[in-house]
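What follows is a short report on a single structure.
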Amino acid sequence: MKDGFIKVAACSPKIRLGDPKYNADLIIDAIKRAAKEGVTLIAFPELVMTGYTMGDLFEHELLLDCVERELIRIKKAVDGLHIIAVVGAPLRYCGKLLNCAAIISHGKPESDNIKFIAKQNLPNYGEFYEARQFTADSNFTNSRIYGRFGWLEPCFSTIEVEDIPNFRFGVEICEDLWVSDAPSNTLSKNGALLIVNCSASNEIIGKADYRRSLVSMQSAKNNCAYLYVSAGEGESTSDMVFSGHCLCYENGTLLAENKPFDEPGRLMITEIDLGRLLFERRRVNSFKSSVDDEHVYLIDCGFGEEDESGDIWPDPEQLPVTKLTRHFDRNPFVPKDADAMNARANDILMIQAMGLKRRMEQIGAKTAVLGISGGLDSSLALLVCAKACDLMGLDRKAIYAITMPCFGTTARTKNNAISLCEALGTTIKTIDITDAVRQHFKDIAHDESNHNVVYENAQARMRTLILMDEANATNGLVIGTGDLSELALGWATYNGDHMSMYAVNSGVPKTLLKYLVRYYADTCGSEKVKEVLYGVLGTPISPELLPPDESGNIAQITEDLVGPYELHDFFLYYVLRWGYQPKKLYRVAKEAFRGSEFTDEIILKWLRNFYRRFFTQQFKRNCLPDGPKVGSVCLSPRGDWRMPSDASYRIWMDEIDELKPISILE
C-alpha cells in the first residue's frame, strides 16, 4: 500500500446453482488465497451466492434465508484478514428483492454489519428478465429497516476505506455500466478511484471485445481504475453461456485479464496506482468533482490505529509494502506490439510533416534549412522535411541540408550525412567551420588546446549562425533537430542547436526516435535510403564536439556523459505524465529494469542526475521555438509544461538522499 499501490483481485468461481453454502465455501477459500497474496480488495460476480440464472427460485424464502446466513459466515471468515470482499447476493428489503453487492470488510470486532449496494438498472429485454424478480434500488431511497444485518439501508454510495489513505471505491452491477449515464460516473465524481463491477454478462460472438472497449473507455473518461468480474461456469446453460471474464483497467490501460473461459476460480491479481489516478484528476480540470461526504460509507481493513475520538489515523510508513506484479514498460514511449509501433510511427511522422508544412505555407518559406550530422536526430528531421516537401508538392531540392565538419567530426558520420542527402535527393552543402571557429577563438582569446565548454559550444553556435544566414539567403526556415529527451536534460547549447525556427523533433523522446527512423527505412521503398538509415541507426549518439580518438572514431559518447536515455526517458515519462516522486519512481524503475544491465546503484545515480538537470535547465526550455506535440508528454512552455527557471529542487534531492540501492523486495 505504500506509494499508493493497492492490490486488487477478481475471482469467478465454478458455483453450484442454488447452493449458497457451497458457494460461500468457494468464496471464503478465494478470499483467504487473496489475503495471502496481500490483496486489499477482491470482487466476485453478480449474484454469486446463488447463481445469476436462478429465475423464479429467487423468490423462495429458504434460498434467501440461506444466503443471509452464509454472508454472515463470510463476514466472520474475513475478520482479521485485512481484506475487503465484494460479493453479489440477493437481498430482501421492504417486502421486495434487491440485486445487491455485499461489501464485507474486517470492520470493528464487535460489529457484524455488512454494507449493501443495490443495482440501479434492471434489464428487461432479450434473454434478461431481472425485473421479473428484482426491484430497482431507486424505489427505496428513503427506506431504512432493521434486520439480520443490523440497520439496513441499501443505497448508491461511495465507500471510503478509512485506514488506507485516499482509497475510495464504488460499486455498480452489470447493466449499470451499459446505460447512457452509468452510476460509476457519479461515483467517480464523488471521489471513487476504483469502480468494482459485479456482473453476469453472457458470452456471444464479439461481446468480449466490446466489453473490453466499454470498460477501458469508462475507466479513461472517469480517470479511475475499473475492476470487472463476470459470472462463469456453474450458471445454467439453457439459453446462455457465461465465460467468467475478468478485467482490470486503469485510466484506459489494461492491467490484467482472465480471458473468457479461463480456469474457473483462478485469481486475477494486479495493483492499481491511487497516486497516479489522483494526479490525473488534479491535472485534468475537465474532470468535475462533487464529493459529498454525507453519502459515503466508511469501512476499515484493520491497518490503522484508532485514536480517542474513534477516528482511524494510519501511519503511511507503517502500511504494508504492496509487492508489485503489474508490468512497467522499460520503454513507456514505445508500443510493444510491432503493428501498433508501425501505426504509431506513421502517425508521428505525419504529425511532424503536417506541422512543418503548415508553418512553411503560413510564412511563405521557399526552403527548409537544417544541419545534418549523420546522427539520429538530424536524420529524422531530414526525413520529416522530405515528407513535408512531398505533401506540399515541392521538389526535395528545396531542402538545404548543410553538413558543417569541425574538430570532432568523424568520417563515419560525415559519410552518413552525405549519403542520406544524396539518397533522398535533397540539396546538400558542405561548409567546413574549422577556420571560422579558430578565428572566433582568437577574437575571444581562447586557447584551442583547452577543450572546455567554450571549445565545444563555439562550434554549435557557429553552425546555428550559418544555418540562420543560409535560411535568410534562400527565403527559408531553419529546422531544429533536438529531441524531447535532450530538452528534458538541457543537453543542448544555448543559442546553438537549442535554437531554430521550427523544431520538428521537440515532442519525440530519444528511445522512440530510432523506431521512427527504422520504420521509415523499412517502408520508404528505397534500398539506398534503407541502407544509409540502418548505418545511422548503428552509429553511437554523440555531439561530436571533441576530437576523434587516435583511430578516428567518435571519442565523445553522449550516454557516457549524461546517462542512458532508456533510463532518462523512463524517468521523464513517470515524472511528467504521472507526477511520481523520487522514491516511488526509484521503486518502479528497479522493478522495470530488474535483470537488465542497470543495477540499483546505476538507476539511483542517473535518477539523481535526471532531477538535477531537469530543474537547472528549465531556462533553456522557457524560450523554445515552436514544434509539434506528438504524444502525451511534452515540454512546450506554451502548452504542456510551465515551470519557473529558478525553482529549487532541494526537497526532491533530499528524498533521493534517503534512498538506498537495495532490492525492491527487501
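Quick note: the coordinates plus some simple rules give every number you see, no bench work behind them. Model, not experiment: these values are computed from the prediction. As a convention, Cβ positions derive from the backbone with ideal geometry for all residues, glycine included, and neighbour counts pool all protein chains shown.
Things worth noting here:
- On Cα atoms only, tilt of 565-576 relative to the major axis of the chain in degrees: 50
- FRET efficiency, 1/(1 + (r/R0)^6) with R0 35 Å, evaluated for ASP262 and ASP181 via beta carbons: 0.65
- Global geometry of region 419-525, whether rounded, prolate or oblate, following the gyration tensor of its Cα atoms and the 1.5 cut on a/c: prolate
- Entries of LYS32/LYS583; LYS323/LYS605; LYS2/LYS605; LYS414/LYS629; LYS323/LYS510; LYS7/LYS510 with Cα pairs more than 28 Å apart: LYS32/LYS583; LYS414/LYS629; LYS323/LYS510; LYS7/LYS510
- Cα pair distances exceeding 12 angstrom across region 591-630, given as percent: 69
- Counting only alpha carbon atoms, the long axis of helix 434-444 and the longest principal axis of the chain meet at about 90°.
- Hydrodynamic estimate: the Kirkwood radius of region 552-660 over Cα pairs, inserted into Stokes-Einstein at 4 °C and 1.567 mPa s, corresponds to D of 85 µm²/s.
- Rg then Dmax, both in Å and based on the Cα atoms of the chain: 30.5, 100.
- If both residues of a DSSP beta bridge must be in region 338-657, then about 0% of such bridges are antiparallel.
- Crossing angle, helix 20-36 versus the chain [Cα axis fit, 0-90 degrees, rounded to tens]: 40
- Computing FRET efficiency as 1/(1 + (r/R0)^6) for TYR125 and ASP56, where r is the C-beta to C-beta distance and R0 is 25 Å, gives about 0.85.
- Förster radius 45 Å - calculated FRET efficiency between PHE441 and GLU597, Cβ distance, rounded to 0.05: 0.70
- For region 329-460, the orientation-averaged shadow of the C-alpha convex hull comes to 11.0 nm² (one quarter of the hull surface).
- Segment THR237-MET350, length gained on full extension (0.36 nm per residue, minus Cα span): 35.6 nm
- In this structure, the residue pairs whose Cα-Cα separation is over 28 Å, taken from LYS36/LYS336; LYS336/LYS530; LYS221/LYS259; LYS397/LYS514; LYS76/LYS584, are LYS36/LYS336; LYS76/LYS584.
- Binned Cα-Cα distances of region 338-657, short to long, each 20 Å bin given as a whole percent: 31, 59, 9
- Along region 508-518 the Karplus relation, 6.51 cos²θ - 1.76 cosθ + 1.60 evaluated at θ = phi - 60°, assigns HN-Hα couplings of 10, x, 4, 5, 8, 4, 5, 5, 5, 5, 5 Hz to successive residues, with x for each Gly and Pro.
- Formal net charge of residues neighbouring GLY275 (Cβ-Cβ distance under 12 Å; K, R +1; D, E -1): +2
- Taking trypsin sites (Lys or Arg not before Pro) across region 355-419, the ones in a DSSP loop with at most 15 further Cβ atoms lying within 10 angstrom of their Cβ are LYS366.
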